[in-house]
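Working notes for the structure below.
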Amino acid sequence: MKYLDNIGNQFFINGKRIVQSLIWDDIRIFLVVTRTGTISKAAEVLGIGVATVSRKIERLEATFGMPLFLRHQAGYRLTEDGMELLEKAKAMEIAASSFLYEADTRAAIAGTVRLATLEALSNYLIMPNVPVLQQNYPNLMLEITTDIYSVNLHRRDADLALRIIRPDQGHVNIRQLGTLGFGLYGSKDYLSTCSPGIFKGEYDDAHFIGWTNEHSQLPSVNWLKKNLKGRSLSISTTSIFGQIAAASAGLGLAVLPHIAANSAGLCCISRDLGIDKPIWLVIQSDLAHSPRIRKVADFLADIVLQNKDKLSGQTGVNFLKN
């Protein structure tokens, strides 16, 4: 007895494997004949000639070396061998349908999606993972805006956003994906010049790097004000990149997202500053069911989940202890 194995195109006779090549169209016609019960009805359903249907059934039977149907005046009925092959043929049909659906879906995912997010999330989380998205959906184009301030989705400034400030207005769908953790970082060379007290939270003699005055809404600003105790910052910048560059140059300590600081090779002296922030996925409600928007939203949710420990600072932190 011959039968299909799990791959769907290999057979066994008395325990010996025989490799054959099956034509999917023959299997498809086999299933239609089974369901309609006659060659003529199958030909009508398929939109092809009766002779073509008959020829393909005969080719399939020749491939298996056995009759699959009993021919009666009333129509075609499966033989015992045909019945055994039926379930496997159905499984092949489901697999083929799934394949075609996925191909159609990928072809339909096209156009531009405008994403607003933080510089740290864009550069250290999203960009490294975009190649996978592009490989799966080559006709999809991401337009990424990085800004300290929340982009207004209600004004159509973006289609969706990944940010740490929950919006309190606008017709949007909101979902928390994870947590963006912040720590206190410096270069190894700078930390080697500091007194041992810096590892115990004694920052009176430390130099600090932070944001310029117009960025007072950011998580690190209040923490820095509290610990500077009236002193001025040594360096202030308008970007995470600027602060990382300053810290890497040994100009002082900076409060940075773990995922950004660790990627830059900086050393952490305090992992939990009490200013961690939730990461919110925000989508314009009227775009929430758009196929291309949904694919990007799913992509963002997946990469946040995959990197949740790095984002929160549970793993990947380079500690320097006294």
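The values are calculated or read from the model by the stated rules, or taken from the named source; none is laboratory data. All values derive from a computational prediction rather than experimental measurement. Note that each Cβ is placed from the backbone with ideal geometry, even for glycine, and that neighbours are counted across all protein chains shown. Accessible surface is based on the protein model in full, side chains and every heavy atom, while ligands, DNA and RNA are left aside. Shrake-Rupley method; radii C 1.70, N 1.55, O 1.52, S 1.80 Å.
I want to confirm something. Restricting to segment 167-193 and keeping residues that are open to solvent by 30 Å² or more (accessible area, probe 1.4 Å) and over 22 Å from the mean Cα position of the chain (by Cα), which single residue is nearest to Leu273 (Cα to Cα)?
My answer is Lys188.
Only one residue in Ala264, Ala247 is touching a Phe, Trp or Tyr at 6+ places or on another chain (Cβ under 8 Å) and either on the phi > 0 side of the Ramachandran plot or in contact (Cβ under 8 Å) with a residue 12 or more places away in the chain (or both). Which one?
Values: Ala264 fails: touching a Phe, Trp or Tyr at 6+ places or on another chain (Cβ under 8 Å).
It is Ala247.
Show me the strands (runs of 3 or more DSSP E) entirely contained within segment 111-167 in which 1 or more residues are under 19 Å from Gly242 (Cβ atoms) and either of a type outside the set (Asp, Glu) or modelled with pLDDT of 90 or more (or both). Break it down stepwise before answering.
Details: elements: 111-117, 140-146, 160-163.
Fully inside segment 111-167 and qualifying: 111-117, 140-146.
Restricting to segment 42-61, name every residue that is assigned to a helix (DSSP H, G or I) and aliphatic (A, V, I, L, M).
Here is the first cut: in segment 42-61, the ones assigned to a helix (DSSP H, G or I) are 42-46, 50-61.
Listed by number, the residues that qualify are Ala42, Ala43, Val45, Leu46, Val50, Ala51, Val53, Ile57, Leu60.
For segment 204-239, which residues satisfy the criterion of being outside any helix (DSSP H, G or I), over 21 Å from Ile165 (Cα atoms) and open to solvent by 20 Å² or more (accessible area, probe 1.4 Å)? Break it down into steps so the answer makes sense when it comes.
Initially, segment 204-239 is screened for residues outside any helix (DSSP H, G or I), giving 204-212, 216-218, 229-239.
If we keep only those that are over 21 Å from Ile165 (Cα atoms) too, we end up with 204-209, 229-236.
Hits for segment 204-239 are Asp204, Asp205, His207, Lys229, Gly230, Arg231, Ser232, Leu233, Ser234, Ile235, Ser236.
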